[in-house]
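As structure tokens, the structure follows; a few thoughts come after it.
The values are calculated or read from the model by the stated rules, or taken from the named source; none is laboratory data. In this text, all values refer to a predicted model and were calculated from it rather than measured experimentally. With ideal geometry, Cβ positions are generated from the backbone for all residues, glycine too; neighbour counts draw on all protein chains shown. The area values use the complete protein model at the heavy-atom level, side chains included, leaving out ligands, DNA and RNA. Shrake-Rupley method; radii C 1.70, N 1.55, O 1.52, S 1.80 Å.
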Amino acid sequence: MENLLNSYTGKIREVTIGGDGLIVGGQNTLPFYLFEGEMPHKPLVAMEVLDIEPTDWPPALTEPLSGVLNDPLKWAKKCEDLGADLICLYLLGTSPDGANKSPEEAGELTKKMLENIKVPLVIYGSGDKEKDPKVFTKVTEAALGKNILFGPAQEENYKLVAGAALATQQNVIAFSPLDINLAKQQNILITQMGVKPENIVMDPTTGALGYGLEYCFSILERLKLAALQQNDTMTQMPIICTVGKEVWKVKEAKVSEAEEPSWGNAEKRGINWEVVTAFTLLLAGADIVVVRHPKSLEVLHALIKELLS
Amino acid sequence: MALTGLDIFKKLPKTNCGECGVPTCLAFAMKLASKQAELDACPYVSDEVKEELSEAAAPPIRTVEVGFGENAFKVGGEVVMYRHEKTFFNPCGFALLIEDSASGEEIEKKLSQVKSSQFERIGQILKADLIAVKYSSGDENRYLSLVNKAKDLNFPLILICSDEGVLKKSLEATKGTRPLIYAAQERNVDSMASLALEYQVPLAVKADSLDNLSSLTEALKSKGVKDIVLDPGSRSLKKTFENLIFIRRAAIEKKVRSLGFPAITFPNEEVSDDYFEVAYAAGYVVKYGGIVVLNDLSPEKVLPLFVLRQNIYTDPQRPMQVEEKIYEFASPDENSPFLVTTNFSLTYFIVSGEIESSKIPTWLGVVNTEGLSVLTAWSAGKFTSEKIASFVKGKSIAERINHKKIVIPGYVAILKGELEDELPGFEIIVGPREAGDIPAFLREWKT
Ligand code: SF4
């Protein structure tokens, strides 16, 4: 079977996140193809934490996380105790259309959270193109020396977002809307700002199972093939997929059994939806997946361990 | 591997007699290479050459058919490693495993799942494809009675039976229904081959390594067995994942004919926990499984798997579309809001999901934009005021609603003026940009 092995010319970049230097990336082979290459660092599973209490989460999520959902610090601590590799804090409360929390509040929360947990921190803004850069300025100052990963840097605001990363020497998430060329373009633009390629993680937009997963899947496969086979340096950044946030808004993951008896047990269905989406994307090339349910974390960790054994 | 016209020409009689309908052998060869002609049109090619050419022209992975009639299940026929290169062709199959040693109650429950675990999604019926009936009781009457029950459901069968006497009786009982028999191994390859040939059924073959698997299929082929399904024998996620990749690679990239068959996987034997069974199965849907055998078909387990298969096996070039029509939510009446959007399936799913979750009676007009989303369709000139107006007129929308108000997506607010010109008497309302804001919008709705 030796003549069935392929070799690759390229390699995924190593990005270091957190004060203690957790490394993501570094593989010189397709996901889990250990028979012909190495994955020196395992793909990571992050858990999602919000800065405001979620109001539209189904019981499948609120029950296992009850008692912490109104306190991001406790929530993050709980996720750390559950074994999350990273905490992914979403600053949804900073959205001008929502609670409109100030950048200062976001900075304060970041500081406290970094004091409270040991695992590295990923921070997503609300996605508001004007507000996010202001929030990131405060967040990155609060996280000085902690080497967080934050974003999204979007087409309209990447200069300001990348600026915050540069000023504080931290890692930035380059966002692109489900398009391989735009994903690459965004990396080029951000590196042209002076950010080092090894400080960039790509978010090429996540589609949930049944809601665009296949588009995301093929973009990930193509990015990884370009990075490994063609040694295209602008596709060699590790990839983050925000699975939980996409999965738990679709009705198949959310609707109760009473409403849809033919779909079976709601909690198990939701977890399966999240695990199947995340695992599919890991097989396509995701380096970090962000999930919501503790059980998903457990199952994904076991799957990764088995494939890397 | 595809042959060139010249490769084919070398094997033709070169007499240019013209009986094939084209004047020269070379011209005929060219037509063959581009699949515009059938080899049979030339009466002078020898059987030997025929065999050689059809072998060379066959797809790298054989398409195997299990079952018969309209429920027949086809697997294999794949030609690429990655779905962005070309559509994955024949969707992998899910098989429900039923053992004859299970209690009568459990057997009934599983048999009923075959029908109850069916779902409709984007105009497709999602369901299991096969029933795998396993002989483990040691009581042949028990097995045969289960085989008969399963047969009555009209699903293609997999007969998993290590006793050839019992297997032969099951083949008698299922004559004409073309079950897949499982499995030929080194010790019984001759007798299993004879059964497969005698009853004209596809045959699964199992070995403990790919090399051994490949020699077994060679042996089967030399006996005349053509429809083969591979079981590489591994029973762990890591090893099966590896084997499936190697089999696909061998067939497609290295043209190894002896591994050019679809593969069967058994996540049900690899792990017992439901969450893991689903995850392993998902892995094999994504990475080259042909048939995936499951322990049960509880809806919370199989719905995600069926949807995953639908996702992975769609044409990567063509956007998925839903039918152009008026969709109704929560029994709308003449006072309910009327929204329009495009027929890109993702747009439709997200919009309809939000409307549904609001539980407010609503009409949703889906305009055919050739599967493009709102903004893309608008910029491509496929979601224009003319198009929306002709949809509104064509579907006699004025008769359904009293209020004469049409809600358009916020992203195409620019169309409001033009649309009001096109549709005298209607008021055009600009709705939210993001689907997530639809429920709030609907709650505020007043006629
Ligand atoms: S019928 Fe056969 S021999 Fe005659 S021209 Fe056609 S290919 Fe040549």
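Pull out all pairs, ordered by first then second residue, where Cβ-Cβ is under 6 Å, the residues are six or more apart or on different chains, the first lies in the range B:235-255 and is more than 18 Å from residue A:304 (Cβ to Cβ), and the second is part of a helix (DSSP H, G or I) and open to solvent by 20 Å² or more (accessible area, probe 1.4 Å). Taking only residues 6 or more apart or on different chains, the pairs are B:235/B:269; B:235/B:270.
Looking at the range B:346-368 only, could you name the residues that are touching a Phe, Trp or Tyr at 6+ places or on another chain (Cβ under 9 Å) and either under 12 Å from residue B:325 (Cα atoms) or among the small types (Gly, Ala, Ser) (or both)? Across the range B:346-368, the qualifying residues are B:348, B:352, B:353, B:358, B:363, B:364, B:365, B:366, B:367, B:368.
Output the number of residues of the range B:208-240 satisfying the condition of being assigned to a helix (DSSP H, G or I) and in contact with a Leu (Cβ under 8 Å, 6 or more places away or on another chain). Qualifying residue count, the range B:208-240: 8. The number of residues in the range B:278-317 being in a helix (DSSP H, G or I) and more than 10 Å from chain A (Cβ to nearest Cβ) comes to 2.
Taking each residue of the range B:21-34 that is farther than 19 Å from residue B:58 by Cα and open to solvent by less than 70 Å² (accessible area, probe 1.4 Å) and looking for partners that are within 8 Å of the ligand (Cβ to nearest atom) and of a type in the set (Gly, Ala, Ser) with beta-carbon atoms closer than 8 Å, six or more apart or interchain, yields B:21/B:41; B:24/B:18.
One residue stands out in the range A:72-113 among those that are under 15 Å from residue A:139 (Cβ atoms) and in contact with a strand residue (DSSP E or B) (Cβ under 6 Å, 6 or more places away or on another chain): the one that is most open to solvent (accessible area, probe 1.4 Å), namely A:92. The condition (being over 30 Å from residue A:219 (Cβ atoms), acidic (Asp, Glu) and surrounded by 18 or more Cβ atoms within 10 Å (Cβ to Cβ)) is satisfied by just one residue among B:99, B:105, B:65: B:99. Go through the residues of the range B:173-182 one by one and say whether even a single one is small (Gly, Ala, Ser), modelled with pLDDT of 95 or more and in contact with a strand residue (DSSP E or B) (Cβ under 8 Å, 6 or more places away or on another chain). Checked the range B:173-182: no residue is small (Gly, Ala, Ser), modelled with pLDDT of 95 or more and in contact with a strand residue (DSSP E or B) (Cβ under 8 Å, 6 or more places away or on another chain).
Do you know which of the residues in the range A:3-37 that are among the charged types (D, E, K, R) and more than 11 Å from chain B (Cβ to nearest Cβ) is nearest to residue A:140 (Cα to Cα)? Applying the filter and picking the extreme gives A:20. What pairs can you find where one residue is in the range B:170-195 and surrounded by fewer than 21 Cβ atoms within 10 Å (Cβ to Cβ), the other is of a type in the set (Lys, Arg) and in a strand (DSSP E or B), and their Cβ atoms are less than 7 Å apart, with a gap of 6+ or different chains? Short answer, once both residue conditions are applied: B:185/B:206.
Confirm whether residue B:89 is open to solvent by less than 70 Å² (accessible area, probe 1.4 Å), out of contact with any Lys or Arg (no Cβ under 6 Å at 6 or more places or on another chain) and more than 14 Å from the ligand (Cβ to nearest atom). Considered against the rule, which asks whether it is open to solvent by less than 70 Å² (accessible area, probe 1.4 Å), out of contact with any Lys or Arg (no Cβ under 6 Å at 6 or more places or on another chain) and more than 14 Å from the ligand (Cβ to nearest atom), residue B:89 comes out as no. Screening residue B:273 on (1) free of Cβ contacts under 8 Å to residues at least 60 places away in the same chain; (2) away from chain A (no Cβ under 11 Å); (3) open to solvent by 20 Å² or more (accessible area, probe 1.4 Å) shows it passes everything except condition (2).
Would you call residue A:225 of a type in the set (A, V, I, L, M), open to solvent by 10 Å² or more (accessible area, probe 1.4 Å) and either under 19 Å from residue A:43 (Cβ atoms) or free of Cβ contacts under 8 Å to residues at least 40 places away in the same chain (or both)? Yes: the conditions hold for residue A:225. Scan the range A:42-63 and tell me whether some residue there is surrounded by fewer than 19 Cβ atoms within 10 Å (Cβ to Cβ) and under 30 Å from residue A:229 (Cβ atoms). Taking every residue of the range A:42-63 in turn, at least one turns out to be surrounded by fewer than 19 Cβ atoms within 10 Å (Cβ to Cβ) and under 30 Å from residue A:229 (Cβ atoms). Residues that are within 20 Å of residue A:120 (Cβ to Cβ) and within 12 Å of chain B (Cβ to nearest Cβ) were ranked within the range A:278-293; the one that is surrounded by the most Cβ atoms within 10 Å (Cβ to Cβ) is A:278. Scanning the range A:143-189 for residues that are open to solvent by 70 Å² or more (accessible area, probe 1.4 Å) and assigned to a loop (DSSP other than H, G, I, E, B) yields A:144, A:146, A:155, A:156, A:169, A:177. Against the numbered list (1) polar (S, T, N, Q); (2) modelled with pLDDT under 95; (3) over 28 Å from residue A:255 (Cβ atoms), residue A:116 comes up short only at (2). Once the range B:413-447 is narrowed to residues that are touching a residue at least 40 places away in the same chain (Cβ under 8 Å) and over 23 Å from residue B:399 (Cα atoms), the residue that is farthest from the chain's Cα centre (by Cα) is B:443.
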